[in-house]
């Protein structure tokens, strides 16, 4: 596990960084819930837009804060070794990208792509719930360094990636003739990207440092 050996006399600094990462994931989950409420529950984007933007701003500022702290301590104090800097730099970007894709989902609703009345709303709602659960559970597995739970979540993530690819392919090929095809295809694609970035975070729990941050690739390309 890549992060286990990184903890030592600099544990206080790393704990501070990890607490910020956990708060970023909490904010990501909130931004995701707001965005999906506009897409699937009929909530007006105007009702939640300001809150979503403020949440995204917190995530972005937290990313900058972590990057500043890592750079300062690595270059000035020399207290955090290079592997820790590499790992946390990678993780913080993936967590920030989850918030970006939540904004993309919100933009689909803003553009008129709300899906609360489509025939497959039950499936979309189920997918929303599975991704929401993955955001929360990924944070828990990362915080506890639970390799077994991380592997279970990676398996769930791969299942979701395959499902999103299949759903988009059906729309592209014309096999799915349901309404608002573009909005549904974008929704599936953005949900896939959220899952992929969460899997990159989980990879830091179970993979050596040279193999983290590659779960945004398809399984056959992860060599």
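Selection within segment 119-139: residues that are touching a helix residue (DSSP H, G or I) at 6+ places or on another chain (Cβ under 9 Å) and modelled with pLDDT under 95. The member of this set that is nearest to residue 171 (Cα to Cα) is 120. The set of residues in segment 30-46 being farther than 19 Å from residue 58 by Cα and surrounded by fewer than 20 Cβ atoms within 10 Å (Cβ to Cβ) consists of 41, 42, 43, 44, 46.
Within segment 35-57, residues that are at positive phi have Cβ atoms under 8 Å from residues that are in a loop (DSSP other than H, G, I, E, B) and loosely packed, with under 14 Cβ neighbours inside 10 Å in no pair, counting only partners at least 6 apart in sequence or on another chain. Scanning segment 63-76 finds one or more residues that are in a helix (DSSP H, G or I), in contact with a helix residue (DSSP H, G or I) (Cβ under 9 Å, 6 or more places away or on another chain) and within 23 Å of residue 192 (Cα to Cα).
Residue-by-condition table, conditions (1) surrounded by 14 or more Cβ atoms within 10 Å (Cβ to Cβ); (2) more than 30 Å from residue 206 (Cα to Cα):
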| residue | (1), (2) |
| --- | --- |
| 92 | yes, no |
| 111 | no, yes |
| 115 | yes, yes |
| 134 | yes, no |
| 141 | yes, no |
| 152 | yes, no |
| 155 | no, no |
| 178 | no, yes |
| 188 | yes, no |
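Of all residue pairs spaced 6 or more apart or on separate chains, those with beta-carbon atoms under 9 Å, a first member in segment 9-27 that is over 13 Å from residue 69 (Cα atoms) and a second member that is at pLDDT below 95 and outside any helix (DSSP H, G or I) are 9/79.
Yes/no matrix, rows are residues, columns are (1) closer than 30 Å to residue 84 by Cα; (2) modelled with pLDDT of 95 or more:
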site: 144; (1), (2): yes, no
site: 163; (1), (2): no, yes
site: 179; (1), (2): no, no
site: 198; (1), (2): yes, yes
site: 223; (1), (2): yes, no
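Tell me, please, whether a residue that is part of a loop (DSSP other than H, G, I, E, B) and either at pLDDT below 95 or within 21 Å of the chain's Cα centre (by Cα) (or both) can be found in segment 26-35. Scanning segment 26-35 turns up no residue that is part of a loop (DSSP other than H, G, I, E, B) and either at pLDDT below 95 or within 21 Å of the chain's Cα centre (by Cα) (or both).
The values are calculated or read from the model by the stated rules, or taken from the named source; none is laboratory data. Just so it is clear, the structure is predicted and the values come from calculations on it, not from any experiment. Counting neighbours? That spans all protein chains shown, and the Cβs are built from the backbone with ideal geometry, glycine included.
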